[in-house]
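Trainee: Pasting a structure below so you can have a look.
The values are calculated or read from the model by the stated rules, or taken from the named source; none is laboratory data. If you're wondering where the values come from, they're calculated on a predicted model, not measured in any experiment. All Cβ positions, glycine included, derive from the backbone under ideal geometry; neighbour counts span all protein chains shown. All accessible areas refer to the heavy atoms of the entire protein, side chains included, with ligands and DNA or RNA removed. Shrake-Rupley method; radii C 1.70, N 1.55, O 1.52, S 1.80 Å.
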Amino acid sequence: MRKTLIGAALALLAIPSLGRAQTPNFQGKTVTIIVGTVAGDLYDLYARAIALFMGRYLPGNPNIIVQNMLGAGHMIAANYLYTVSKPDGLTMGAINAGLYFEQLIGRAEVKFDWTKYNWIGNATKSPQVLYMRADSPFKTIEDVRVAKEPPKCGTTGLSNMGYFVPKLLEETLNAKFNVISGYQGGNEVDLGVERGEIQCRSLSTEAYFSREPFNTWRKNGFTRELVQGGRVRLEKLANVPTIYELMDKYKAPELGRRLATALLASGEFHRPYMAPPKMRAEVVKTLREAFNNTMKDPDFVAEAKKKRLDLDPTTGEEVQLLASEALTQPKDVIDRLKKLMGK
């Protein structure tokens, strides 16, 4: 019996460790980050900065490259990552965070399930902010709620957040807005505010805190911020309530709360990184840990600062939960969302 046990133990020692066999090794391999935009776009700049440093934290220190795959507003890249890329850890995607809307409303071009991607992490958040001309009579959302004549907000069309956010505030807070669409671009909307044609606009905090005319407007007190779209107040907007705080205050209905979750989730995972479905748990864990370590790497942080890239990272586990929450909506919410999107 003793000899049998010794023989079995020796046999087990001769077999490579199961843990070692399952730990992915990237030595001599190349990891590709597929970006759904042209080179030089912010999605591309973030991906290239991450590609410079993430290999440090993957076993075997592989080379990481960026491949730009354009078309259909990131749809081609998203479909490719989901249906063609192998789940071996050698391909990741940097895809438009708002693309899940297309799945929610049932667009035929969608070949992916947003919830089944393996989410690796998110480089920064960028919730919406609704600003108002400071010389307007609307100092708070309460002023909008009780106004006899609603403020005019500008937007380029009816299928973007500049339109959705004012409409969402109507749905959830009974704050009425007159949304003026048809401006050719964001700059034209801002000119409309400057000329006094309109009083307000909703846009990403990333844009609001990174370029003109907003930097000058804030410095000169030309604008004030009424509401932000994140779940937690940004440090930059510490005195501005979130829509979630206001929904609690005004006892928003459940349908409105779910609609807010569906519409605003993209601001919570603004620069996300995902991998194909059906990936081994060990590979997902390795990629997530490498991503998290990259976000804290001093050289990466310095590179991001040099390129003026905001960093407010979210773990892959958190993004996975947010993606599931955004897509898990009852029919009445989806129907309402389609109506808002003009579908």
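Trainee: Working only within the range 54-76, note down all residues that are open to solvent by 20 Å² or more (accessible area, probe 1.4 Å) and under 18 Å from A275 (Cα atoms).
Mentor: Filtering the range 54-76 down to residues open to solvent by 20 Å² or more (accessible area, probe 1.4 Å) leaves 56-57, 59-61, 63, 65-73, 76.
Y57, P59, N63, I65, V66, Q67, N68, M69, L70, I76 - these are the residues of the range 54-76 that are open to solvent by 20 Å² or more (accessible area, probe 1.4 Å) and under 18 Å from A275 (Cα atoms).
Trainee: Kindly indicate whether Y82 is closer than 24 Å to V283 by Cβ, open to solvent by less than 30 Å² (accessible area, probe 1.4 Å) and assigned to a helix (DSSP H, G or I).
Mentor: On the way: closer than 24 Å to V283 by Cβ: yes; open to solvent by less than 30 Å² (accessible area, probe 1.4 Å): no; assigned to a helix (DSSP H, G or I): yes.
No.
Trainee: Among the residues of the range 240-259, which ones are within 27 Å of D310 (Cβ to Cβ), over 19 Å from the mean Cα position of the chain (by Cα), open to solvent by less than 50 Å² (accessible area, probe 1.4 Å) and not β-branched (V, I, T)?
Mentor: Within the range 240-259, P241, L246, M247 meet the criteria.
Trainee: Please list, ordered by first then second residue, the pairs with beta carbon atoms under 7 Å, 6 or more apart or interchain, first in the range 293-317 and aromatic (F, W, Y), second open to solvent by less than 60 Å² (accessible area, probe 1.4 Å).
Mentor: Matching pairs, first to second residue: F300/A49; F300/F53; F300/T294.
Trainee: So is D88 within 30 Å of M161 (Cα to Cα), of a type in the set (D, E) and at pLDDT 90 or above or not? Before the answer, list the steps.
Mentor: Numbers: within 30 Å of M161 (Cα to Cα): no; of a type in the set (D, E): yes; at pLDDT 90 or above: yes.
Here the answer is no, as D88 does not meet what is asked.
Trainee: Examine the range 233-253 for a residue that is in contact with a strand residue (DSSP E or B) (Cβ under 9 Å, 6 or more places away or on another chain), among the aliphatic types (A, V, I, L, M) and under 30 Å from I33 (Cα atoms), and state whether such a residue exists.
Mentor: Checked the range 233-253: at least one residue is in contact with a strand residue (DSSP E or B) (Cβ under 9 Å, 6 or more places away or on another chain), among the aliphatic types (A, V, I, L, M) and under 30 Å from I33 (Cα atoms).
Trainee: Could you tell me which of the residues L263, L237 is more than 30 Å from P87 (Cβ to Cβ), of a type outside the set (F, W, Y), touching a residue at least 24 places away in the same chain (Cβ under 8 Å) and buried (at least 20 other Cβ atoms within 10 Å of the Cβ)?
Mentor: Details: L237 fails: buried (at least 20 other Cβ atoms within 10 Å of the Cβ).
Exactly one of L263, L237 is more than 30 Å from P87 (Cβ to Cβ), of a type outside the set (F, W, Y), touching a residue at least 24 places away in the same chain (Cβ under 8 Å) and buried (at least 20 other Cβ atoms within 10 Å of the Cβ), namely L263.
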